[in-house]
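Novice: Pasting a structure here, questions to come.
Here, each number is a calculation from the coordinates, and none is a lab measurement. All figures in this text were calculated on a predicted structure; none of them were measured in a lab. Glycine also receives a Cβ, built like all others from the backbone with ideal geometry; neighbour counts cover every protein chain displayed.
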Amino acid sequence: MAATGKMGPLTELNRIIREGRVADYQSPNLALGMRPLKFATGSSHWEWPEQPPASLNPFGSIHGGYLAVFVDELLSTAIGSILEADEWAMTAEMKLSYLYVLHSGPLEGTARVLRRARQIAFVEAVVHQPGQEAAVMASSTWAISRV
């Protein structure tokens, strides 16, 4: 598939991530209040200062699915930072461990690429409240392809 086809927007998005241009990053999840703070080679750092009421479960804590969306943004931008111009990656596997309940309030998250081979990469992420220990830990495997 040529870069001028369906992969064109993804190629541009990965370039934005590689260049560390957080202000130019676009994702529908930004509407939830999630914000990238920094993209560096093999890593990303995000914040989620306030969660919308729809992201809370009936018990008043942040729904695990919304936390998974936050983690996916962390992981995808970390892997995007190391992809070549003609590469793209997709999640092959992701494991989340919810270590304790999170209630609405400021969250931070970081992700880093642990190892990258030609067609596979391993990435991890951690989410926590500022100044607190990890509340969510994630590991993922990414399949890497060429356009």
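Novice: State yes or no: is E50 closer than 16 Å to N14 by Cα, outside any strand (DSSP E or B) and either out of contact with any helix residue (DSSP H, G or I) (no Cβ under 8 Å at 6 or more places or on another chain) or of a type outside the set (V, I, T) (or both)? Reasoning before the result, please.
Specialist: On the way: closer than 16 Å to N14 by Cα: no; outside any strand (DSSP E or B): yes; either out of contact with any helix residue (DSSP H, G or I) (no Cβ under 8 Å at 6 or more places or on another chain) or of a type outside the set (V, I, T) (or both): yes.
No.
Novice: Let me ask something else. Report, by residue number, each residue of the stretch 98-109 that is in contact with an Asp or Glu (Cβ under 9 Å, 6 or more places away or on another chain) and buried (at least 21 other Cβ atoms within 10 Å of the Cβ). Quick ask: steps written out before the conclusion?
Specialist: Going through the stretch 98-109, the residues in contact with an Asp or Glu (Cβ under 9 Å, 6 or more places away or on another chain) turn out to be 99-100, 104-109.
Selection gives L107, G109.
Novice: Is at least one residue of the stretch 79-97 touching a residue at least 60 places away in the same chain (Cβ under 8 Å), part of a helix (DSSP H, G or I) and surrounded by 15 or more Cβ atoms within 10 Å (Cβ to Cβ)?
Specialist: yes
Novice: Just the residues that are in a helix (DSSP H, G or I) and either without any contact (Cβ under 8 Å) to a residue 40 or more places away in the chain or aliphatic (A, V, I, L, M) (or both), please, taken from the stretch 56-71.
Specialist: If we filter the stretch 56-71 for residues that are in a helix (DSSP H, G or I), which is where we start, we get 64-71.
Selection gives G64, G65, Y66, L67, A68, V69, V71.
Novice: Only one residue in V123, V127 is out of contact with any Asp or Glu (no Cβ under 9 Å at 6 or more places or on another chain), buried (at least 18 other Cβ atoms within 10 Å of the Cβ), touching a residue at least 40 places away in the same chain (Cβ under 8 Å) and within 30 Å of P52 (Cβ to Cβ), so which one is that? Talk me through it step by step, then tell me what you get.
Specialist: Details: V127 fails: out of contact with any Asp or Glu (no Cβ under 9 Å at 6 or more places or on another chain).
Testing whether each residue is out of contact with any Asp or Glu (no Cβ under 9 Å at 6 or more places or on another chain), buried (at least 18 other Cβ atoms within 10 Å of the Cβ), touching a residue at least 40 places away in the same chain (Cβ under 8 Å) and within 30 Å of P52 (Cβ to Cβ) leaves just V123.
Novice: Let me ask something else. Looking at the stretch 81-126, which of its residues are of a type in the set (K, R) and farther than 23 Å from R35 by Cβ? Show your work before the answer.
Specialist: Narrowing the stretch 81-126 to residues of a type in the set (K, R): 95, 112, 115-116, 118.
The answer is K95, R115, R116, R118.
Novice: I'm told R115 meets every condition in (1) of a type in the set (D, E, K, R); (2) assigned to a helix (DSSP H, G or I); (3) more than 15 Å from the chain's Cα centre (by Cα) except one. Can you identify the failing condition by its number?
Specialist: (2)
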